[in-house]
């Protein structure tokens with residue numbers, strides 16, 4: 001049985017320096033009274049989905065936060081905040097940025113109504129506040145959220161049978177939650193941002209289009225693009 005007094009932070013790691021900084025921020029978070037935190041780094045994962053499944057099975061925590069090694073959590077009360085949102089048991093997952101309806105491409109940032117906020121620090125001495133629309137309330141339902149940080153309160157297997165790489169695993173997981181009747185939401189961050197994301201600027205991976213085709217073959221019929 002999942003322990004609702006525990007939160008586990010799960011990260012696929014291939015850069016120890018980045019993960020050390022990520023972990024430093026995580027260890028300085030404030031935890032609600034009675035809560036304990038675990039940290040699971042997955043090294044040598046065959047894919048993001050496979051690594052996340054391995055860690056998910058190893059943790060008995062009710063609340064799991066899957067985040068990239070280059071994501072720094074600056075909202076010190078993030079555990080309290082996600083617990084509040086998860087008081088609505090119909091909500092299965094929380095992301096930082098996402099779109100209300102996926103476009104025909106399946107790529108969330110191509111969507112017409114994108115919500116959320118994250119600071120991007122892609123280059124030294126350069127920080128960009130990527131602020132999209134803000135929810136009018138505490139959060140808003142989205143069809144897909146970005147994988148830089150995803151928090152869950154239910155364990156649903158990541159589709160490592162389909163997604164053997166590092167792309168579309170996050171959008172796929174949003175669709176898997178929806179298939180089981182759970183909502184995915186993005187919180188209101190109008191007062192302050194929750195995360196800094198520091199990815200290295202690089203061209204889109206050569207195999208990105210292949211994972212996109214796999215995604216659309218599996219979920220394309222479930223999309224209702226806005227026009």
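Nothing in this text is a laboratory measurement; each read-out follows from the coordinates by a stated rule. Being a predicted model, the structure only gives us computed values, none of them experimental. We place every Cβ from the backbone using ideal geometry, glycine too, and count neighbours over all the protein chains shown.
Grouping the Cα pair distances of segment 94-213 into 5 Å bins from zero gives a pair-distance distribution of 2, 11, 20, 22, 22, 15, 7, 2, 0 percent in increasing distance order. Suppose R0 equals 25 Å; then what is the FRET efficiency for residue 210 and residue 38 from their Cβ-Cβ distance, rounded to the nearest 0.05? Computed FRET efficiency for residue 210 and residue 38: 0.15.
Using a Gaussian network model of the chain in which every pair of alpha carbons under 10 angstrom is joined by a spring, one finds that among 206, 157, 135 the greatest mean-square fluctuation is at 206.
Stokes-Einstein, applied to the Kirkwood radius of segment 3-221 over Cα pairs at a viscosity of 0.692 mPa s and 37 °C, places its translational diffusion at 188 µm² s⁻¹.
Across segment 3-221, C-alpha contacts under 8 Å between residues 6 or more apart give a mean separation that, scaled by the residue count, equals a relative contact order of 25 percent.
I'd like the distance between the alpha-carbon centres of segment 31-110 and segment 157-227, rounded to an integer number of Å. Spelled out, the Cα-based centre of one part sits 13 Å from the other. Note on residue 109 and residue 2: the extension gain reaches 35.2 nm, defined as 0.36 nm multiplied by sequence separation minus the Cα-Cα distance. For the chain, with a Gaussian network of springs between Cα atoms less than 10 Å apart, report the residue from 178, 58, 151 with the top mean-square fluctuation. Checking each option, the largest mean-square fluctuation is seen for 58. Exposure proxy for 79, 74, 42, 97: other Cβ atoms within 10 Å of each Cβ, ordered fewest to most, give 74, 42, 79, 97. Among 33, 105, 172, the largest mean-square fluctuation in a Gaussian network model of the chain (Cα springs under 10 Å) belongs to 33. Within the chain, antiparallel bridges make up roughly 55 percent of the DSSP beta bridges whose residues both belong there.
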